[in-house]
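A.B. asks: Got a structure for you, questions after.
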Amino acid sequence: MSGPAIEVDGVSYAYGDREAVKGISFKVAPGEVLGFLGPNGAGKSTTIKILTGQLPAKSGVARVLGRDVRRDDPEIQRHIGVCFEEKNLYEGMTAEENLKFFASLFGLKGVDTTRLLERVGLADRAKTRVAGFSKGMRQRLMVARALVNQPMVLFLDEPTDGLDPVSSKAIRGLIEEEARRGAAVLLTTHDMWEADELSHRVAFINEGQLYAVDTPESLKLRYGKRSVKVRARVGGEVVEDSVALDAEDTGERLKEAVAAEGLLTIHTEEATLESIFIQMTGRGLD
Amino acid sequence: MARPVSHPALVAAIVRKDLREFSRDRLWLILTIVGLVMFIAVFWMLPGTVDETIRVGVTPPDLAETLLGLSAEEGEVAPGQDDAEGQETQGLEVVRFDSEEKLRAVVAGETDGPDVAVGLAFPDDFAGLTARGDPVTVTVYVESGVPAEVRQAMESAVREIVYFAAGAAEGVDPMDVVPVRQETVVLGEDRAGEQVSMRERMRPLLAFFVLMMESLALAGLIAVEIQRRTVTALLVTPASLTDVLAAKSLLGTTLAFFEAVLMLALTRSFGAGWSVLLAAALLGAVIVTGMALISGAAGKDFMGTLFLSMALLVPLAIPAVTVLFPGSTATWVKALPTYGVMEAFVRVTSYGESWVDLWGPLALAALWCVAVFGVGLLVLRRKVRTL
């Protein structure tokens, strides 16, 4: 398809009197990963619920693959994959049975569940019932389940939550593979480093409002300091100095710093996504 | 690439998944098999016949001999079994009582004593009064549940005794000669004509237990699906909420119906009225499935679901329990959802009744089915929508 895979235009939702989502708008293109960042209760999950047809938007329009999600259109459901934050797997069934069952709901027969389980590192546990899985194994199976229908749009809610570093890396690799395949990915995560590494663009949401939708680089450039931090040992003590990159004497100062004895490190003072988020919203992500 | 899937195929896939989960739930499996075997075993262990020996209390005591003599003269074998209080001929045991008060109390079950179903209270000077042609009153005390035929036999016996005492001519009704008045007093609620064996009485209750177990199992399955939020995983696939609800309803009704039919078959309930029984079993299955949808959706956890299920199901057991006490069915019990179902079980299996006799209670049960099932679907739909 040529248009955006996900298109949200002025969407709002309220739980009773409490407005959870306040007229947000954004788009995700095929093959793009959009990191959806915000603290608990910011409106991330509500937005995903609206986009996956679980909740009807009170106002505005949400489209997935060009179709209005309010119409409870099975054509949308056939092409999306969802990895929920809660590990909602059938515990009495094996990993393989879970995948085959969901494949059957998509009208898929003969799905290569072994390959899918290999991709998430669970091939040797195919015949094990989910009740015997650790939290990390369940999370990996959740990701595999979201991929069972080779979705064109992926909604991933905290997909690396509870995973060890090796498993997290494997899942991140998998998300990149899916994006390369052409899937649009809406990724919510608390891990700023992960969002920074995976996302083509990030969206900051807080108290139901979108504060920014941009590439991490643009945000860092816009909100970060153009300076380098120099650390050196002087007379037995570690001394830090900040050198502005746009000043008239920048060149001279950097030369001095490099030439000085006891130089320890020189780093650019680039802003982190978390610091930008705090700067923009006035609150942290936890 | 995903392909379009028909709604029946989606429902079938969910039912297969639920059956797989059911078959792996050891607790449910054990309870179902053990319960079914146990209920059927209990049915066959219960007495299948009614004790036809009638124990009759007589006062004053000397008239007991007259009654026994009359019974033997009519051709019944009189083994003459003696004990401290009574004597017996085949089918009739006579117990002597010193006073009418005591006889009445024993028949009414108000005091300890021999299990006497009928009491004949003659005046103390009965022989003298009848010989003189003076008016006398004989009171026949009858325990509720004594068949009408037995009452008539006892009233005939009174006439025979009067005949014997008055010495009236053959062919002349002694009642025309001696002014004797009979008063029949039924103690307790009149259950004449309702005599069925304990086994027959227990059949509806056992069938209800089978339905109830299925209801509990389905409620548990639904509760787990909601509490673990697996239902939300289903709803982001091509399966709609209607497909999910249809699958749960189909599975619950089919399992409950199948087990109830199995139970009825193994208790040899199917005869001429088999179609009525099948209809009643289906209505019962739908009602308990509706209840399971409600309790499964509303229960917060396992105990909550169990408690709610019991709270909903216990009132439904009342019609099955009242069958144990014929004639004791109150009007409000007849308004309960399962009344028509239980009535059909009893009246088809015990009295051979048919559609013509039972369409009323079954129609009421069908209305209840629509109501209970409708409420169940609404509650579950609402619950899933708010997850």
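The values are calculated or read from the model by the stated rules, or taken from the named source; none is laboratory data. It should be emphasised that the depicted structure is a prediction, and the values quoted were computed from it without experimental measurement. Cβ coordinates were reconstructed from backbone atoms using ideal geometry, including for glycine residues, and neighbour counts include every protein chain displayed. Ligands, DNA and RNA are stripped out before the accessible areas are found, and what is left, the full protein with its side chains, is counted by its heavy atoms. Shrake-Rupley method; radii C 1.70, N 1.55, O 1.52, S 1.80 Å.
A.B. asks: Go through the range B:1-12 and give me each residue that's without any contact (Cβ under 8 Å) to a residue 40 or more places away in the chain, part of a helix (DSSP H, G or I) and within 8 Å of chain A (Cβ to nearest Cβ).
C.D. replies: Scanning the range B:1-12 gives a single hit, B:Ala9.
A.B. asks: Determine whether the range A:243-256 contains at least one residue that is over 21 Å from the mean Cα position of the chain (by Cα), open to solvent by 90 Å² or more (accessible area, probe 1.4 Å) and among the β-branched types (Val, Ile, Thr).
C.D. replies: The first filter runs over the range A:243-256 and keeps only residues over 21 Å from the mean Cα position of the chain (by Cα), leaving A:243-256.
Checking which are open to solvent by 90 Å² or more (accessible area, probe 1.4 Å) leaves us with A:246, A:248, A:252, A:255-256.
From the residues that got through so far, the ones that are among the β-branched types (Val, Ile, Thr) too are none.
No, that holds for no residue.
A.B. asks: Take the residues in the range B:70-111 that are loosely packed, with under 15 Cβ neighbours inside 10 Å and modelled with pLDDT of 65 or more; name whichever of them is nearest to B:Glu143 (Cα to Cα).
C.D. replies: B:Gly109
A.B. asks: Follow-up question, since we're still on this one. Could you say whether any residue in the range B:226-248 is open to solvent by 50 Å² or more (accessible area, probe 1.4 Å) and away from every other protein chain (no Cβ under 14 Å)? Give the derivation first.
C.D. replies: First pass over the range B:226-248, keeping only residues open to solvent by 50 Å² or more (accessible area, probe 1.4 Å): B:227-229, B:242.
Subset that is away from every other protein chain (no Cβ under 14 Å): none.
Taking every residue of the range B:226-248 in turn, none turns out to be open to solvent by 50 Å² or more (accessible area, probe 1.4 Å) and away from every other protein chain (no Cβ under 14 Å).
A.B. asks: Same structure again: Among A:Ser218, A:Ser227, which is open to solvent by less than 80 Å² (accessible area, probe 1.4 Å), at pLDDT below 85 and among the polar types (S, T, N, Q)? Let's see the steps before the verdict.
C.D. replies: Numbers: A:Ser218 fails: at pLDDT below 85.
Checking each option against the conditions leaves just A:Ser227.
A.B. asks: Could you list, in sequence order, all residues of the range A:1-32 that are among the β-branched types (Val, Ile, Thr) and farther than 14 Å from A:Asp68 by Cα? Break it down into steps so the answer makes sense when it comes.
C.D. replies: So in the range A:1-32, the residues among the β-branched types (Val, Ile, Thr) come out as A:6, A:8, A:11, A:21, A:24, A:28.
Passing the criteria: A:Val21, A:Ile24, A:Val28.
A.B. asks: Given the conditions (1) surrounded by 23 or more Cβ atoms within 10 Å (Cβ to Cβ); (2) in a helix (DSSP H, G or I), report the number of the one that B:Leu221 does not fulfil.
C.D. replies: B:Leu221 satisfies all of (1) surrounded by 23 or more Cβ atoms within 10 Å (Cβ to Cβ); (2) in a helix (DSSP H, G or I) except (1).
A.B. asks: Going through the range B:241-274 one residue at a time, which ones are of a type outside the set (Val, Ile, Thr), in contact (Cβ under 8 Å) with a residue 60 or more places away in the chain and under 30 Å from A:Lys49 (Cα atoms)?
C.D. replies: B:Leu241, B:Asp243, B:Leu245, B:Ala246, B:Ala247, B:Lys248, B:Ser249, B:Leu250, B:Leu251, listed by residue number.
A.B. asks: Six or more apart or on different chains, Cβ atoms under 8 Å: show the pairs whose first residue is in the range B:111-132 and over 23 Å from B:Ala153 (Cα atoms) and whose second is part of a loop (DSSP other than H, G, I, E, B) and open to solvent by less than 40 Å² (accessible area, probe 1.4 Å).
C.D. replies: From the range B:111-132, the pairs are B:Leu129/B:Pro123.
A.B. asks: Something else: Report yes if B:Ala279 is in a helix (DSSP H, G or I), out of contact with any Ser or Thr (no Cβ under 8 Å at 6 or more places or on another chain), in the same structural domain as B:Glu214 (by TED's automatic domain parsing) and at pLDDT 90 or above, otherwise no.
C.D. replies: Yes.
A.B. asks: Could I ask something else about it? Does B:Phe307 count as more than 14 Å from chain A (Cβ to nearest Cβ) and in a loop (DSSP other than H, G, I, E, B)?
C.D. replies: On the way: more than 14 Å from chain A (Cβ to nearest Cβ): yes; in a loop (DSSP other than H, G, I, E, B): no.
Here the answer is no, as B:Phe307 does not meet what is asked.
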